[in-house]
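Enquirer: Next up is a structure, given as structure tokens.
The values are calculated or read from the model by the stated rules, or taken from the named source; none is laboratory data. Since the structure is predicted, the reported quantities are computational estimates derived from the model, not experimental observations. Positions of Cβ are generated from backbone atoms using ideal geometry, with glycine treated the same way; all protein chains shown enter the neighbour counts.
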Amino acid sequence: MADQQARTGGDKRPRRIPAIRWEEPPEGPVLVLLDQTRLPAEEVELVCTDAPALVEAIRSLAVRGAPLLGIAGAYGVALAAVRGFDVAEAAGALEGARPTAVNLSVGVRRAQAAHRAVLARTGDPAAAAAAALAAARTVHADDAEASARMAAHGLALLDELLPGGGLRILTHCNSGSLVSGGEGTAFAVALAAHRKGRLQRLWVDETRPLLQGARLTAYEAARNGMAYTLLTDNAAGSLFAAGEVDAVLIGADRIAADGSVANKVGSYPLAVLARYHHVPFIAVAPVTTVDPDTPDGASIDIEQRPGAEVTEATPPQVSTPRAGGGIPMAPLGTQAYNPAFDVTPPELVTAIVTEKGVVSPVTAEALVQLRTRSPQVTND
């Protein structure tokens, strides 16, 4: 079950509300989420008391972003365990909530493994539930630490590739604190450049179909006092042609073993533009996003979103649109092709930045080395 509660009013710069947190009120533990479908119009929290409510929050994109989904998945297993529900059933439902983001499965399995191990050893459900919660909290803390390291590695890479002067960075979708236990992935690198006085302009793609750049990245950039400009996705080419883009930074929902990068739909065309215009195209993601069990880009399961997200316009205060629930933008009965992600092949990716360092050029062999190296090493 999920309840909603508003936390802020009309203040233009309210305190930062965490994207996710675990709370233990007298009536029992809950998982509290900042409902991202309501941003930027209002900041409302969802209170989940069980795994089915969390599954619905994941599917509706109230909680989203690969690293944050891993955290949510781990907490969802802990929530089921602590409240005495069927942990295996909850884990299965959570893993299937969104197919492309591999971090979700990683988080779920990590908490479930901790639960199973303690239950097998002690036979004590309470101790096993505590182990699942401890694992979830570790996933959360690890992601925050990874975010800080990615920001440092990413800024160092930009300084190496583009020394001196202000940076004009183009980003796609949302990859800040709304997707992370810390300050994000690609957005965290841009934020680090801003804090060092290196960011001249953050170009923010609106990002179809759910406008997560317009609604969420612009929201985060404004709150951090960054110089940013919003553009329609199909205006990016004119920016490249005018020489107004120094680098493209994106996040990732899954990186295949060969280095293919799945990210919000529209990322692949940016990579093509970047290659033609000799602009670095950089993916920023934690190592958990690299999936050795997915051999190549063609093997990545691409989530298909409801057609109503394209054929109808729905205000941000309303949750994910369903057919007939918004303002018609196309004739009745129009079919819509609405993939949530596309895949960029490794030869178009200048570098992959992780908490363990930078991979460039992007190859399967380099990714294997990445997964085993110590955190501060960079591949030249």
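Enquirer: May I ask you to verify whether L210 is outside the structural domain of G70 (by TED's automatic domain parsing), within 23 Å of A241 (Cβ to Cβ) and touching a residue at least 12 places away in the same chain (Cβ under 8 Å)?
Expert: Numbers: outside the structural domain of G70 (by TED's automatic domain parsing): yes; within 23 Å of A241 (Cβ to Cβ): no; touching a residue at least 12 places away in the same chain (Cβ under 8 Å): yes.
No, not satisfied.
Enquirer: Looking at this structure, is T8 modelled with pLDDT under 95, under 16 Å from L216 (Cα atoms) and not small (G, A, S)?
Expert: Numbers: modelled with pLDDT under 95: yes; under 16 Å from L216 (Cα atoms): no; not small (G, A, S): yes.
No: the conditions fail for T8.
Enquirer: Please count how many residues of segment 175-205 are part of a loop (DSSP other than H, G, I, E, B) and either in contact (Cβ under 8 Å) with a residue 60 or more places away in the chain or buried (at least 20 other Cβ atoms within 10 Å of the Cβ) (or both).
Expert: Of all residues in segment 175-205, those part of a loop (DSSP other than H, G, I, E, B) come to 175-176, 180-185, 196-198.
Still in the list and also either in contact (Cβ under 8 Å) with a residue 60 or more places away in the chain or buried (at least 20 other Cβ atoms within 10 Å of the Cβ) (or both): 175-176, 180-185.
Selection size over segment 175-205: 8.
Enquirer: Say we look at segment 32-82 and pick out the residues that are modelled with pLDDT under 95 and over 20 Å from the mean Cα position of the chain (by Cα); which of these is nearest to R116 (Cα to Cα)?
Expert: E42
Enquirer: Another one. Can you confirm whether A222 is among the hydrophobic types (A, V, I, L, M, F, W, C) and assigned to a strand (DSSP E or B)?
Expert: On the way: among the hydrophobic types (A, V, I, L, M, F, W, C): yes; assigned to a strand (DSSP E or B): no.
Answer is no for this residue.
Enquirer: Out of G107, G165, I need the residue that is surrounded by fewer than 17 Cβ atoms within 10 Å (Cβ to Cβ) and in contact (Cβ under 8 Å) with a residue 24 or more places away in the chain. Which one?
Expert: Working: G107 fails: surrounded by fewer than 17 Cβ atoms within 10 Å (Cβ to Cβ).
Only one candidate qualifies: G165.
Enquirer: Shifting gears a bit: Listed residues R215, R208; which is under 21 Å from the mean Cα position of the chain (by Cα) and part of a helix (DSSP H, G or I)?
Expert: Details: R208 fails: part of a helix (DSSP H, G or I).
Being under 21 Å from the mean Cα position of the chain (by Cα) and part of a helix (DSSP H, G or I) holds for just one of R215, R208, which is R215.
Enquirer: Give all pairs with beta carbons closer than 6 Å in which a residue from segment 279-305 that is free of Cβ contacts under 8 Å to residues at least 40 places away in the same chain meets a residue that is aliphatic (A, V, I, L, M) and assigned to a helix (DSSP H, G or I); count only pairs at least 6 apart in sequence or on separate chains.
Expert: none
Enquirer: Could I ask something else about it? Just to be sure, is V272 buried (at least 22 other Cβ atoms within 10 Å of the Cβ), over 29 Å from V106 (Cα atoms) and not small (G, A, S)? Please lay out each step first, then the result.
Expert: On the way: buried (at least 22 other Cβ atoms within 10 Å of the Cβ): no; over 29 Å from V106 (Cα atoms): yes; not small (G, A, S): yes.
The answer is no for V272.
Enquirer: Is it the case that segment 228-246 has a residue that's hydroxyl-bearing (S, T, Y) and under 17 Å from V362 (Cα atoms)?
Expert: Going through segment 228-246, the residues hydroxyl-bearing (S, T, Y) turn out to be 228-229, 232, 238.
Subsequent filtering for residues that are under 17 Å from V362 (Cα atoms) retains none.
Looking for residues that are hydroxyl-bearing (S, T, Y) and under 17 Å from V362 (Cα atoms), one finds none in segment 228-246, hence no.
Enquirer: Kindly provide the set of residues from segment 174-189 that are under 11 Å from V284 (Cα atoms) and of a type in the set (A, V, I, L, M, F, W, C), ordered by number.
Expert: Answer for segment 174-189, where residues must be under 11 Å from V284 (Cα atoms) and of a type in the set (A, V, I, L, M, F, W, C): A186, F187, A188, V189.
Enquirer: Same structure again: Can you give me the number of residues within segment 227-244 that are in contact with a helix residue (DSSP H, G or I) (Cβ under 6 Å, 6 or more places away or on another chain), among the hydroxyl-bearing types (S, T, Y) and closer than 14 Å to P269 by Cα?
Expert: Result for segment 227-244: 0.
Enquirer: Report yes if A131 is farther than 17 Å from L54 by Cα, buried (at least 21 other Cβ atoms within 10 Å of the Cβ) and more than 23 Å from the chain's Cα centre (by Cα), otherwise no.
Expert: Numbers: farther than 17 Å from L54 by Cα: yes; buried (at least 21 other Cβ atoms within 10 Å of the Cβ): yes; more than 23 Å from the chain's Cα centre (by Cα): yes.
Taking the combined requirement at face value, the residue satisfies it.
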